Amino acid sequence: MGACGNIPIFKDGLGCGSCFEIKCDKPAECSGEPMVVYITDMNYEPIAAYHFNLAGTAFGAMAKKGEEEKLRKAGIIDMQFRRVKCKYGEKVTFHVEKGCNPNYPALLVKYVDGDGDIVAVDIKEKGGDAFEPLKHSWGAIWRKDSDKPLKFPITVQITTEGGTKSVYNDVIPEDWKPNTAYTAK
């Protein structure tokens, strides 16, 4: 149920992974029943103040049963939407991006349930006393440019827009590899 959002929705990547409940009442093919979409990318079309570009599956899911294809062919339609808490049904996952090394960890953060967009990601290396902030790279990717190799395993702390902090102890293991996903316990 992926969707692209325009600037106030995608928030220069900080809105990546956020959840919105959407529904339509017109045209006649619309069911009027709400469904949830997940923001996955930016939409650059200046169509409206708030604009979603829905994946075909998500667009069709707003239709009455059997009317999915007709609704998809309707093009631009008016929708109602509201921000909702995410309920992914998956464990938080950290994908160590391709090309990473001990001096340059870059993490794609996925499946964060709850109250809001991720506004900070911090890491603590093995033996470290304090968390160090990562820089927002793009989308849901956060990185650190370090002048010394980090010591693994790494503990990750996520802060959401609503102020919730979650800590994932030793989630990036000592024997980590680039282009690999690590699921939180």
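Every number here is computed from the coordinates shown, using simple stated rules; none is lab data. All values reported here derive from a predicted model rather than from experimental measurement. Reconstructed Cβ throughout: ideal geometry from the backbone, glycine too, with neighbour counts over all protein chains shown.
Summary of values
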item: Partnerless cysteines, meaning none of the other Cys C-beta atoms lie under 4.7 Å away, in the chain; result: Cys4, Cys16, Cys100
item: Cβ-placed point charges (K, R +1; D, E -1), dipole of the chain about Cα centre in debye, nearest 20; result: 200
item: Qualifying lysines (Cα of each under 17 Å from Cα of Lys144; at least 8 residues distant if same chain); result: Lys98, Lys124, Lys126, Lys135, Lys177
item: Cα pair distances exceeding 19 angstrom across segment 2-84, given as percent; result: 31
item: Loop chymotrypsin sites (Phe, Trp or Tyr not before Pro), segment 30-113 (other Cβ atoms within 10 Å of the site Cβ: 13 or fewer; DSSP); result: Tyr44, Tyr50
item: Separation between Cα centres of segment 1-72 and segment 171-185, rounded to whole Å; result: 32
item: Dipole in debye (nearest 20) - segment 126-185, about Cα centre, beta carbon charges: Lys, Arg +1; Asp, Glu -1; result: 80
